[in-house]
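Student: Following this message is one structure expressed as structure tokens.
Derivation of every value follows stated rules applied to the coordinates shown; laboratory data play no part. Because the structure is predicted, anything quoted here is derived from the model rather than measured. Positions of Cβ are generated from backbone atoms using ideal geometry, with glycine treated the same way; all protein chains shown enter the neighbour counts.
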Amino acid sequence: MSSAISLSAIGLVVAATIGIGLFGLRISRTTSDFYVASRAVSPRWNASAISGEYLSAASFLGVAGLVLVNGADMLWFSVGYTVGYLMLLVLVAAPLRRSGAYTLPDFAETRFESPLVRRICAGLVVGIGTLYLLPQLHGAGLAVQTVTGAPPQVGAMIVAVIVVINVAAGGMRSITFVQAFQYWLKLTALAAPIFVILLAWHQPTGVLDSLHGAAAEWAEPLSRAGGRDHPLYATYSLLLALCFGTMGLPHVLVRFYTNPDGRAARRTTVVVLALLGLFYLFPPMYAVLGRTFAPDLVASGGDTVVLELPGRVFPGTAGDLLGALVAAGAFAAFLSTSSGLTVAIAGVIDQDLLRSRLREWTGGDYVAVNSFRIAALIAMVVPYLAFTVTGALSLADTVGLAFALAASTFCPLLVLGIWWRRMSTTGAAAGLVVGGIAASAAALINVAGAPQGGWPRALVGQPAAWTMPLAFITVIVVSKLTPDRIPAGTARSMVRLHTPEAVDVDRGLPPR
Amino acid sequence: MFARRRKHFGTPADKATYATLHTASLASPHLREGLTPAAAGKASRHLRDLLGTAAIAICDSSGVLAWDGVGGAYESNHRRDAKDLAAPTLRSGRTAVLGAHDVACGDPQCPIRTAVVAPIVTEERVVAVLVAYSNNTSAALVRATEEVARWVSGQVELAELNKERTRAMEAELRALRAQISPHFIYNALAAIASFVRTDPERARELLLEFADFSRYALRRGGEFTTLADELRNVERYLVLEQARFGDRLKVSLQIAPEVLPVVIPFLVVQPLVENAVRHGLEAGAGSITIRARDRINEAEISVEDDGAGSDPEVIRAALSGETGSDSVGLGNVDARLRQVYGDTYGLVVETALEAGTKVTFRIPKYSSGVHASP
């Protein structure tokens, strides 16, 4: 019964996703209503879309699971996921928009005038995207397993196939309104059940009792609950990764392009902060209630607590319905984040890696659309294969590694590239390579099976605290050593990045 | 690729040919930038490889543009004299062979004792000379130097042609801006005049639209604009055309808001719309659809009319730049798009007689060339 309702809810979300994707939503006006051109995407819509695409399986399921198992320290995940946008706002949002770049490789090219740096960036986008897609597939597997008992490969396969079909068929590419709708769907799916549970729950003392006594350690900060060593280091490292990794996520930057100017980019980011802050109120509630109603889930890793909690509190139809709502929201999370990521990765694969080869092999006789379709397939097949061969890390941990990789590569590139005029092309390349190798080595060790306990596990499990400074130092030292490789157009780039659009200067950009 | 295949192609003579061609191909991209000191400097290394001499210099009437070969005191000595060695050839255009008497610097260790000075000629004018220094000039070296100088002349001439072509493109862009106006300005003003008595308020609004339109279309500087601005101007244009045609002209705009910030060349949509209005209304009444869609890395823009359509051959002629066609705007837009974004980004025209016309083009959301210069 329960699974039938949940399955039909998931089916509904899937059908809606495909339907909206295929038929699309476009502003359409006839003569009576001109001035379409002034209707740029407003910061509010754009922010909803960014949030909708950003809130992934890790946010929807993973954070609650981590808090349930590992205790109060994991609340930093929800803080960090949000604060990343503060860093984005303060350091890069407006200059990045003014650069005119659509993808991170574009920014690298426009700032450093180097095909080599561009190519390294393209590789890193694929790497970060793959690492971020992995937990989405994992989450989909878990959701389907929880609802029906089918093996995890089934759910992952469903998401992979739907996303590839949808992206390759040209649907759901980046329609702002669709992704904005996803945010509100996810928020409703997560918030509505928790309010019902809180309202219907007649023992106000029960929850707090369960946090005292034997479980008191769980509610304490830096408590090593869940067997994590060196909690202080791990917490700071995690915060660094989340704060500085957000700016390097491929699917986030692509949306900033939709803002008409740098000012709108800043406003969008502020709204994103508010929307994310609202959303992240709820996962910890699931964790606290889960501690009372579903303590057995601690042993299994906890990632399913959001899906199972409604059923535990309300055995019967009410629980089934709420559970179905949560499952549908979770699937919306997998689909929207995976689609956004796949579009971003496929775009880069298509543009930087595939198209020139295809032209070579086919002698120019190819269609651009097909090139993108092949790229979309590659963008999803690689993480799917990785998913089937790797062990199951917890959702939020894998996402943490993707953030660490972004923080160790694109963060130095963006922050120093925007704010330091003596950064050289060689320095940029060296920083990307060193940070990329260090962080992806840590990620690979984790995915292949992390070392048990002690400092090695802490350093490899949360690498950002050493890989990010390493990358920054590399960029600075190498740039100092190679002052002759500072791009010739640096001064012009800086003017373009930092002058507000309203100021009338020659910025070598198309005048507005 | 080259290295792998080399062993399959046998004889030493073949290998020498390949090596020579390869070296020449390394030098040519630099020479295509024209004879600037930077470009000449980069090319001279490969030119010396071709000749195998102790040193070479490229000089024009202002002095030494580039030097490659022996350095130190030898270089500074001979660099100083190079201008005098080059002068006669620069004047006469004839190859000169100079012996130790003219060239040697007196230092017995110096590998430079003789020189061959060959002219680099473009459009029958000696623009520079190639000086090959060695310690012993042979007839073969003279011949080789002359041949290399001739090859360099060809490359420099290509560079000149390239510049010419860019200038022609710029002139064409200027011409297009001026060209949108005549018919349209006359017709628009006539239409506005017809409202002055019957509906002065409307006439005033139309005049303001017209003022905004001309400010945009006649502005100076700036080769690029955003799709939002271009579409806004297209809307002004359509308001003015509707004042003239009334209900006979139906317009529908379907614009994905995501592509509004895309940077596009100035005035590429407007001529297509003007074309569509003209062709679409030939039969009396018609409708026009303007679409802008998001295609991931690109924006796709199309202008469609349901008018009389055209013979594909006529369109082909217009796109290939033959004059006399009434679709001059199409050829111009096509040429500018290809110039900015490369040959894969031209106009795609779907049309047949009695079947309407649809013109589509794509714009990459980011293109490095677009940022290079205003």
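Student: Just to confirm the number: angle between the C-alpha axis of helix B:72-92 and the first principal axis of chain B, 0 to 90 degrees, nearest 10?
Tutor: 70 degrees
Student: To two decimal places, what compactness ratio does chain B give when its Cα radius of gyration is scaled by 2.2 N^0.38 Å? Intermediate results must be reported in sequence, preceding the final value.
Tutor: Working: Rg = 29.9 Å, N = 374, 2.2 N^0.38 = 20.9 Å.
Rg over 2.2 N^0.38 Å, computed on Cα atoms: 1.43.
Student: When you have a sec, figure out the Kirkwood radius of chain A from all distinct Cα pair distances and drop it here in Å to one decimal? Please report the intermediate quantities before stating the final value.
Tutor: On the way: mean 1/r = 0.0427 Å⁻¹.
Evaluated over chain A, this radius sits at 23.4 Å.
Student: Cα extents of the range B:2-162 along the three principal axes, largest first, in whole Å?
Tutor: Principal extents (Cα only, largest first): 48, 39, 27 Å.
Student: Taking every residue in B:310-319, how many Cβ atoms of other protein chains lie within 10 Å of its Cβ, on average?
Tutor: Neighbouring Cβ atoms belonging to other protein chains average 0 per residue here.
Student: Next question, about the same structure. Of the beta bridges DSSP finds with both residues in chain B, what % are antiparallel, to the nearest 5?
Tutor: Working: 46 of 53 bridges.
Among the beta bridges of chain B, antiparallel pairing accounts for roughly 85 percent.
Student: Something else: Using all C-alpha to C-alpha distances in the protein assembly as shown, build P(r) with 10 Å bins and read off the rounded percent in each one.
Tutor: Going from the shortest bin to the longest, the percentages are 2, 11, 17, 19, 17, 14, 10, 6, 3, 1, 0, 0.
Student: Rounded to whole Å and sorted largest first, list the principal axis extents of the Cα atoms in the range B:251-302.
Tutor: 38, 20, 12
Student: Could you give P(r) for the range B:180-372, binned at 10 Å from zero, as whole percent values over all Cα-Cα pairs?
Tutor: Final binned percentages: 9, 35, 37, 16, 3, 0.
Student: Total Lys pairs in the protein assembly as shown closer than 21 Å by alpha-carbon, pairs eight or more apart in sequence or interchain only?
Tutor: Working: B:Lys7/B:Lys15; B:Lys42/B:Lys83; B:Lys42/B:Lys163; B:Lys250/B:Lys358.
Taking the Cα cut-off of 21 Å, the pair count is 4.
Student: Another one. Within a 10 angstrom radius of each residue's Cβ in B:244-257, how many Cβ atoms of other chains show up on average? Whole number is fine. Please list the in-between numbers first.
Tutor: Details: counts 0, 0, 0, 1, 0, 1, 2, 5, 4, 10, 6, 7, 10, 15.
Per residue, the average neighbour count from other chains is 4.
Student: Within a 10 angstrom radius of each residue's Cβ in A:105-117, how many Cβ atoms of other chains show up on average? Whole number is fine. Before the final figure, lay out the partial values.
Tutor: Working: counts 1, 7, 1, 0, 4, 6, 0, 0, 2, 0, 1, 0, 0.
The mean count of partner-chain Cβ atoms within 10 Å per residue comes to 2.
Student: Hey, another quick one. Which one of B:Leu158, B:Val103, B:Ala82 is farthest out on the positive end of the charge dipole of the range B:2-162, using unit charges on Cβ (Lys, Arg +1; Asp, Glu -1) and the Cα centre as origin?
Tutor: B:Leu158
Student: While we're here: Rounded to the nearest 0.05, what FRET efficiency do B:Arg167 and B:Arg248 have when you use their Cβ-Cβ distance and R0 = 41 Å? Mind showing how you got there, number by number?
Tutor: Numbers: r = 42 Å, r/R0 = 1.03.
Approximately 0.45, to the nearest 0.05.
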